[in-house]
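Everything below concerns the one structure shown next.
Read-outs throughout are calculated quantities, based only on the coordinates presented, and are distinct from any laboratory measurement. This structure is a prediction, so every number in the text was calculated from the model and none was measured. Cβ placement follows ideal geometry from the backbone for every residue including glycine, while neighbour counts extend to all protein chains displayed.
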Amino acid sequence: MSMDSPAGGAQPLHLWRAHWQDEGDAAYLYRCIADAEPDQTRAQVYRELAAVEERHVARWAAVLREAGVRLPPHRPSLRARIMILIGRLFGWRLLAGLLLAEEGRETKGYLRAARLYAPEAARAAAELAKESAEHAERLGALLGASGEPWHRIESGGFLRNAVYGFNDGLTANFGLVMGVLGADVPHHIVLVSGVAGLIADALSMGSSGFLAAKSEQEVQVHEIAVEREELRLMPDLEEAELALLYRSRGLGAEAAERVAREVMRNPERALAEKTQLELGITPRAMSPLREGWITGLATAVGAFIPVVPFLALQGRAAVATSFVISMLSHFGVGAARSIFTGRGAFRSGLDMFIVGLGIAVIGYFVGEWISRVL
C-alpha cells in the first residue's frame, strides 16, 4: 500500500491505531461482561460479540502491518479499565448500555472514515461500519432497546448525571475555596465558605437536573398525545407512514405493509411503535425527582472534596491537602467523562487537571486582589 492516500495526504496511522485499540478494548469489555453474566444464553451472545471484535482487531492489525507499523500485544486502555470498574460498582447492565453507545459512535466514525481513507483502509472501515451497526442492533435487542438505539443513551443516564454533577461541584467549590484562601482569612471562614458553597451548588444542580428532566418528560408526553390523536383521526395515513418506517429499516414493501396492518389492529401497540420509530422516544428509566436527587447528591460529593481537609487539618497542611486531592479528583473526573465523549481517558483527565489548576490560580489571585482592595 502506498504511504499516501488518494487525496495526496499521509495515511492517518494514528487513527488506524486508535481503531485497533478501540476494537481490542471492546473485545475485552464484552468478555468481562460475559464472565459476569449469570444467564448462559446472554453470556454466549456477549462472547460471540467479543469474537467478532477480535476479528476487527486482526483486520486493523493487518492494515497497519501493510503500512509498515509494528504493533505490541494489545493491552486494555485506561478508559476500558475505568469502564470495567464502573461495571463492578454499578452493574454490568449499565456497562453494556455504555457499550451500546460506543457501538453507535464507532459505526458513524467508520462511515465517515470510509470516505476519507486510502482504498484498503476504506474497505475495512466500510465493512466494520456494517458489522458495528449489526452489533448495536443485537446488543440493543439484548438490552430491550429498539431501532437505532445508540441515538438515545438511556442506560448511561444515571452515570452521566453523577459524573457531571460531581464535576460541577468539585470545580465550582474548588475555585471558591482557593479564592477565600487568597483573601487570607481565618480557618473557620474558609470552612464556612466551603460548606455554604457545597450546599448552594448541590441545591442549584439538583433543582436544575429535576427541572430539565421534568421539561423533557412534559415534551414527550405532549408529543405522544399528538401522535395518539393522529392515530385516532387518520389511521390510514398513519398505517402508511408506519409501513414506510418499517421499509426504512430493511423490510420489503409487502412485508412492511403486512406488519403495519397487523400492528394497527392494536392502538396501544401502534402508538408504542410510532413513538419509538418516528419520535425516538423510549420510556425513561428514571423519574425527574430521582434525577434531581442524583445530580444534587453527586454535586455535593464533588464540592465536599476541597473542604474535607479543613475539617481535620489546620494551616498549610489543610491547604496543601485540599489542593492535592482536588487536583487528583479533577484528573479522575476528566478520565471518567471520556466514557461519554469517546476521547482517551488520559487526555481527558489531563484536560480537567489543567482546568482545575487554572481555576485554583485564578481563584486565589482574585481573592487576594479583593482582600487588598477592600
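Between residue 320 and residue 78, what FRET efficiency comes out of the Förster formula 1/(1 + (r/R0)^6) with R0 = 30 Å and r the beta carbon distance, rounded to 0.05?
Approximately 0.65, to the nearest 0.05.
Show the residues, 5+ positions off or on another chain, whose built amide H is closer than 5 Å to the amide H of residue 77.
none
In nm, what is the difference between 0.36 nm times the number of residues separating residue 366 and residue 187 and their Cα-Cα distance?
62.6 nm
In nm, what is the difference between 0.36 nm times the number of residues separating residue 13 and residue 35 and their Cα-Cα distance?
4.6 nm
Could you check the simple spin-label distance between residue 346 and residue 311, using points 7 Å along Cα→Cβ, in nm with one decimal?
A separation of 3.5 nm, rounded to one decimal place.
Return the sequence-ordered ³J(HN,Hα) values of region 80-88 in whole Hz as given by the Karplus equation 6.51 cos²θ - 1.76 cosθ + 1.60 applied to θ = phi - 60°, using x for Gly and Pro.
Each residue's phi maps through the Karplus curve to give 5, 5, 5, 5, 5, 4, 4, x, 5 Hz.
Taking the simple approach of a point 7 Å from Cα along Cα-to-Cβ for both residue 55 and residue 357, what is their distance in nm?
Spacing of the two 7 Å Cα→Cβ label points: 4.6 nm.
For region 293-328, run through the chymotrypsin sites (Phe, Trp or Tyr not before Pro) and keep only the ones in DSSP coil with at most 11 other Cβ atoms within 10 Å of their Cβ.
Of the chymotrypsin sites (Phe, Trp or Tyr not before Pro), not one in the loops of region 293-328 has a Cβ with at most 11 other Cβ atoms within 10 Å.
Using the Cα atoms as the points, what is the convex hull volume per residue of region 219-264 in Å³?
With only Cα atoms used, region 219-264 gives 68 Å³ per residue.
For residue 218 and residue 269, calculate 0.36 nm times their separation in residues minus their Cα-Cα distance, and state this gained length in nm to one decimal.
So the chain would gain 16.2 nm between residue 218 and residue 269.
State, in angstrom, two size descriptors of region 181-267 derived from its alpha carbons: Rg to one decimal place and Dmax to the nearest whole number.
Calculated on Cα positions, Rg and Dmax stand at 26.7, 79 Å.
Apply the Karplus parameterisation 6.51 cos²θ - 1.76 cosθ + 1.60, with θ equal to phi minus 60°, to every residue of region 208-221 and state each ³J(HN,Hα) to the nearest whole Hz, in sequence, with x for glycine and proline.
5, x, 4, 5, 5, 5, 5, 5, 4, 4, 5, 4, 5, 4
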